[in-house]
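Asks: Would you mind keeping the following structure in view while I ask a few things?
The values are calculated or read from the model by the stated rules, or taken from the named source; none is laboratory data. On a predicted model such as this, the values are computed, not experimentally measured, just so you know. Positions of Cβ are backbone-derived with ideal geometry, glycine not excepted, and every protein chain shown enters the neighbour counts.
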Amino acid sequence: MTTKITLTLPDDIYKKAENFAQLTNRDINDILTQVITISLSPISSQPISTKSSENNSASSISIKSLSDEEVVALTESEMEPEQDQRLSELLYNQQAGTLGSTEHSELTFLM
């Protein structure tokens, strides 16, 4: 199911989305839908996965159960060095115009 909306964007935001759509050879509607989806997914009521620095194990928690300080700490978290390196490679490939469809999905996930 989808809902059609009319959205007014500042010109600079629209131009960035338009440029990104052209660079990735995709429709601007798809780009904006994806950006909104990615932006809103962390605040859903679904559990989020975190990595405890104390025991280095992953666990799932609900964002609703976190204190303000814990939410702020999550916003300041960094990706693993391997993921950061892979993101850099994918962004380079995207800039060079050599990003494949599988890599595009991986880039979207990492972003």
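Asks: Would you tally the residues in region 67-83 being in a loop (DSSP other than H, G, I, E, B), closer than 26 Å to THR108 by Cβ and at pLDDT 80 or above?
Replies: Of the residues in that region, 1 qualify.
Asks: With the structure loaded, tell me whether SER88 is exposed (fewer than 13 other Cβ atoms within 10 Å of the Cβ) and at pLDDT below 85 or whether it fails that test.
Replies: For SER88, the condition - exposed (fewer than 13 other Cβ atoms within 10 Å of the Cβ) and at pLDDT below 85 - is not met.
Asks: Kindly provide the set of residues from region 11-53 that are closer than 30 Å to LEU66 by Cβ, modelled with pLDDT of 60 or more and not in a helix (DSSP H, G or I), ordered by number.
Replies: none
Asks: Inspect all residues belonging to region 93-100 and state whether any of them is part of a helix (DSSP H, G or I) and surrounded by 13 or more Cβ atoms within 10 Å (Cβ to Cβ).
Replies: Yes, some residue in region 93-100 is part of a helix (DSSP H, G or I) and surrounded by 13 or more Cβ atoms within 10 Å (Cβ to Cβ).
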